[in-house]
Amino acid sequence: MTSPGLARFLPPAGIARTMAVQSMVYAIGNGVFLAGSAVFFLHVVGLKPTQVGLGLSIAGGISLLLSVPLGALIDRVGSRRTWFVAAVVEAALFFAYPFVRGFWEFVVVVSALAIVETAGNSGRNVYTIEVIPQEQRVRVLAFSRSALNIGFTFGALAAGVALTINTTPAYYAMVLSNGVGLLVNAYFIVRMPPVPRTHAAARSGSRLAALRDRPFLAVTALCAILVGYGPIFTEVVPLWAVTQTNTPRVVLAVLFIINTVLAVLLQVPASRGAETLPGAGRLLRRGGFAMALACPVLYLTRVTPRPLTIALLILAIVLITACELWQSAGQWGVTTELPPPGRRGEYLGTFRMGGDLQTTVGPAALTWLAIGTGGWGWLVIAGLFVAAALAADPIVAWAARSPRLGTEPEPEPAAAAG
């Protein structure tokens, strides 16, 4: 029997807990690969850094173009089935990685991976909406996000072993372990309850209507701006700290640890209120203001003495993490509430396009603004997040009062009791 104190840190028993465990299993394998992928591509596949970047950009572009059609496909064939097939195909592609040599073989594999990852992630998101009751969805997603962070941490530690051994067989083992993890992930998926047939809502109106839903597209653009905290944390801040401040490089590891610990411990409580659209809008607004506050703090670190620089960097990471927690929760709120039954895959595919576009152009643009300008671009970035924060409530309210194509009464999920 679980003690009341421990129960606060565990998702509810049943499907919610199963999905959290599945998230951790997926993240362990994925974390192993992501932490060592650059070394694998350069020293095993034999690519140049520019080739890796170009190949990943091509894959990202293909994923961007296919997000909406893949989402529409999920509405037709089913979310769990799509999620399961994507996991199996993704595993097969990782088992193929040791045989990849040269640029074009690399492009084929990473492009195929981008497609199945897009289908799998969208399938999982739609499945969550379909089987979890409305009032529990954000909380379940928050627990799954915490489990992902824990899994990525364990995966990165395991990758450290392969990087320390530094042999080709060790890197093969690193890649193949992710393939095995994905097969275990597929087993968890196929064991989850099927979606009730009542969710196969009739599709009304024209195809790809989400692309003409202006309020929903505005929400998509809003979240695409706010999710800019990601490249700022993973790419811009490390580059800024190393090239523009007097911070010892070891501090970067400390900053990542702080972010991970806060994300694991605070994601669930930070998500309170996102179950409603007004609450989701408020959390998006808070996230924008938190990120805006972090920007001038980072700007100051260019001229401060080392102890104060380290303290300010820690403060900036806390603010960026706050943006991550609130933005994630707000995003879950709008993406679970706005898409209509029968078109959830299509709408979530459309929403994913915003994140894909941000991932494509965000890192280069944000790096140039922060570092290429000598630092004053941090104030421009802050202004962008302030504008997004101020627009969050009106945009979400506009989307909430605007009807969606295919809207119909939503039946209560039959599998939620777990």
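The values are calculated or read from the model by the stated rules, or taken from the named source; none is laboratory data. All of these numbers come straight from a predicted model, not from anything done at the bench. Here the Cβ positions follow ideal geometry from the backbone for every residue, glycine too, while neighbour counts run over all protein chains shown.
The conditions are (1) more than 22 Å from Ala142 (Cβ to Cβ); (2) surrounded by 19 or more Cβ atoms within 10 Å (Cβ to Cβ); (3) polar (S, T, N, Q), and Gln267 fails exactly one of them. Which is it?
Gln267 satisfies every listed condition except (1).
Give just the number: which of (1) touching a helix residue (DSSP H, G or I) at 6+ places or on another chain (Cβ under 8 Å); (2) without any contact (Cβ under 8 Å) to a residue 40 or more places away in the chain does Ala270 not satisfy?
(2)
Taking only segment 239-250 into account, find how many residues are surrounded by 16 or more Cβ atoms within 10 Å (Cβ to Cβ) and not aromatic (Phe, Trp, Tyr).
4
Six or more apart or on different chains, Cβ under 6 Å: which pairs go from a residue in segment 143-164 that's among the aromatic types (Phe, Trp, Tyr) to one that's not in a helix (DSSP H, G or I)? Could you list them?
Hits for this filter: Phe143/Pro11.
Show me the helices (runs of 4 or more DSSP H) entirely contained within segment 1-112 in which 1 or more residues are more than 20 Å from Ala156 (Cα to Cα), touching a Phe, Trp or Tyr at 6+ places or on another chain (Cβ under 7 Å) and among the basic types (Lys, Arg).
By residue number, 79-96.
Tell me yes or no: at least one residue of segment 170-184 is assigned to a loop (DSSP other than H, G, I, E, B) and either closer than 20 Å to Val52 by Cβ or within 18 Å of the chain's Cα centre (by Cα) (or both).
No: zero hits.
For the condition under 24 Å from Ala38 (Cα atoms), at pLDDT 85 or above, buried (at least 18 other Cβ atoms within 10 Å of the Cβ) and not basic (Lys, Arg), what is the one hit in Phe103, Phe99, Phe94, Phe84?
None of the others qualify; the one that does is Phe94.
Does Tyr299 fit the bill of being among the aromatic types (Phe, Trp, Tyr), closer than 27 Å to Asn149 by Cα, in a helix (DSSP H, G or I) and touching a helix residue (DSSP H, G or I) at 6+ places or on another chain (Cβ under 7 Å)?
No, not satisfied.
Cβ-Cβ under 9 Å, sequence separation 6+ or interchain: first residue in segment 369-381 and closer than 14 Å to Thr301 by Cβ and in contact (Cβ under 8 Å) with a residue 24 or more places away in the chain, partner among the charged types (D, E, K, R) and assigned to a loop (DSSP other than H, G, I, E, B). Which pairs?
From segment 369-381, the pairs are Gly375/Arg302.
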